[in-house]
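Each reported figure results from applying straightforward, stated rules to the coordinates on display, with no laboratory input. Given the structure is predicted, the values throughout are model-derived calculations rather than measurements. Using ideal geometry, Cβ is built from the backbone for each residue, glycine included, and neighbour counts are taken over all protein chains shown.
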Amino acid sequence: MPRPPARSPNLSTRQLRAFLALVELGSFTRAAAASHLSQPAFSALIQALEAELNTRLFDRDTRSVQLTAEGRLFETPARQLLGDFSAAVRELGDHVERRKGRVHVAALPSLAAGWLPAVFAEFRQAWPGIDLNLSDLLSDACIELVRSGKADFALASTGATQAGLTTQLLCTDRFHLVCRKDHPLAAEKVLTLKKLAAYPFIHMSRNSSVRQALDAALHPLQTHTVLEVDQLATVTGMVEAGIGISVVPALTLFHFERDNLVTRPLAIASLSRKIYAVRRQEGSLSVAAQALHDLVMDRMKTGQSGLQPKRRKPGKRQEPLGPQR
């Protein structure tokens, strides 16, 4: 009959440390003292180790303690095992204390370029050992990175519910008219969607959250679309050249800080987009990712976005952020 597979020994780091102390000191008395154990307790550790390994590791007499051939064979892997374990504990400790780590965030380009850099800079100052990875993509692509596990969390414009995902409202992003200073709408007292739709329009691409929010608000109005582009920098140049007007969210207004351009807020209730922090429902974030997620939420709550943040419930105390050693 075939022999059953050998049982894997159940070794402890205390046994390995005791073994190596005895190897180095060559005396049960000295090794027990160095291990802060009584001699009987220390001897019991060595005996338990030999029982687990099913072999004698030391030859003992009244004058000396010597490694057996099997003990010499075990010394190198014992040191390796203990070294690997210590390194693993140190590595884990570095991640828990945020001295090391990696976070991947997916974010709308408008957030990635305008608001997020200051948050990243603050985070890196607090925890310089953590590597940051950023994917600046449209909402659908951001969501897919989170869903596939490639990104820890996303900052995107999406529905309040997503299968398999948790969404937390960050802010409501209001929209603004962008036009030249000499455009008739620049001096218009009351701006309505009907008035805007009468002029040549420069649109973002149809798969952008900006365009989707604008189309929903305009329906059933039709705009005179002269250009449809992918980049906000292109919108800026085209509006500046007088080719048309555009409507963009507050998060993007830094693109339009030009001397011959004007931006005006649109007090139209139906025209807004909601920005969410999105993460997977199953599993928790790493310590590093949770720290950045918390910082993002805190900075948005405290109004450092220039937008309309999510309101906190009355009486809920805000916890301070920063390195928690």
If each of residue 12 and residue 172 carries a label point 7 Å out from its Cα toward its Cβ, how far apart are those two points in nm? 6.1
Size of electric dipole in the chain: Cβ of Lys, Arg +1 and of Asp, Glu -1, about Cα centre, debye, nearest 20: 920
Output for the stretch 11-66: trypsin sites (Lys or Arg not before Pro) sitting in coil per DSSP, at most 11 other Cβ within 10 Å, listed by number, reads 63
For labels at residue 264 and residue 73 in the simple 7 Å Cα→Cβ model, what's the distance in nm? 8.9
Per-pair calculated FRET efficiency, R0 = 35 Å: residue 212 and residue 294 via Cβ, rounded to 0.05: 0.75
Between residue 91 and residue 219, 0.36 nm times their residue separation minus their Cα-Cα distance comes to what? 40.5 nm
Taking r as the C-beta separation of residue 47 and residue 254 and R0 as 56 Å, the FRET efficiency to the nearest 0.05 is 0.20
Count the lysine pairs in the chain that are 8 or more places apart or on different chains: how many have C-alpha atoms under 22 angstrom apart? 10
CD proxy at 222 nm, helix term only [per DSSP H run n ≥ 4: -39500 (n - 2.57); per residue of the chain; nearest 500]: -12000 deg cm²/dmol
Rounded if a/c is under 1.5, else prolate if a/b is larger than b/c, else oblate: which is the stretch 127-285, with a ≥ b ≥ c the root eigenvalues of its Cα gyration tensor? prolate
Once Rg/Rh (Cα atoms, Kirkwood Rh) is worked out from the coordinates, which option in (i) 1.06; (ii) 0.96; (iii) 1.29 does it equal? (iii)
Please list the non-local residues whose amide H lies under 5 Å from the amide H of residue 201, H modeled 1.01 Å from N, same-chain partners needing a gap of 5 or more. 224, 225, 226, 227, 245
Out of the stretch 164-254, which trypsin sites (Lys or Arg not before Pro) are coil in DSSP terms and have no more than 11 other C-beta atoms within 10 Å? 181, 189, 206
Extension gain (nm, one decimal) between residue 189 and residue 161, 0.36 nm per residue minus Cα-Cα: 6.3 nm
Filter the GluC sites (Glu not before Pro) in the stretch 183-279 to those in DSSP coil with at most 10 other Cβ atoms within 10 Å of their Cβ, and list the result. 257
Suppose the chain between residue 133 and residue 197 were pulled fully straight at 0.36 nm per residue; how much longer would it get relative to their current alpha carbon spacing? 19.1 nm
Efficiency of FRET from Cβ geometry, residue 282 and residue 20, R₀ 41 Å, rounded to 0.05: 0.45
Just grab the label-to-label distance for residue 59 and residue 205, each label 7 Å out from Cα along the Cβ direction, in nm (one decimal). 7.8
Take the alpha-carbon centre of the stretch 106-167, take the same for the stretch 208-250, and report the distance between them in whole Å. 24
